[in-house]
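Working notes for the structure below.
Laboratory data are not the source of any read-out in this text; all were calculated from the coordinates shown. Not measured: the values here are computed from a predicted model. We place every Cβ from the backbone using ideal geometry, glycine too, and count neighbours over all the protein chains shown.
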């Protein structure tokens, strides 16, 4: 019968503790992200997950600002909150909009307008991409996780 050296048992126990700790940390992060970013049934907030380089994100930003709709924006490349929200909403592309209790994937004007109508807003899509560079969404929006 072959016995295991003491250092090997300690090493294996250390790896087991490390794996259990990492699992616990990931579980806590997942639960926090679900609590913080998944919209509830009674939610009235408009939250968008975007990037700085995406032309559809710029159109969405500009259209929300032009329509006078207050929103919170998370950059999925520059902020941990944006990455966690993106992960929690099981998104695959950008932009992602959490409009009240509804989640809209992509720049789907009809779905965005329908979800905003349920919250009492009128959505007017802006088609001029140059307007996204000239507008000042800072007056209406709360940009989180990066600069313009």
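Descriptive notes on the structure:
- Residue with peak Gaussian network fluctuation, the chain [Cα springs, cutoff 10 Å], from 115, 58, 19: 19
- Computed on the Cα trace of the stretch 1-58, the radius of gyration divided by the Kirkwood hydrodynamic radius gives Rg/Rh = 1.38.
- For the chain, the antiparallel share of DSSP beta bridges with both residues in that region comes to about 55%.
- Residues 2, 38, 13 arranged by fewest to most Cβ contacts within 10 Å: 2, 13, 38
- Between 0 and 90°, nearest 10: helix 55-66 axis offset from the chain longest Cα axis: 50 degrees
- Along its principal axes, the chain has C-alpha extents of 77, 32, 23 angstrom, given from the largest down.
- Rounded, prolate or oblate (a/c below 1.5 giving rounded, otherwise prolate when a/b exceeds b/c) for the stretch 38-117 by Cα gyration tensor: oblate
- Here the residues 75, 42, 108, ranked from fewest to most Cβ neighbours within 10 Å of their Cβ, fall in the order 42, 108, 75.
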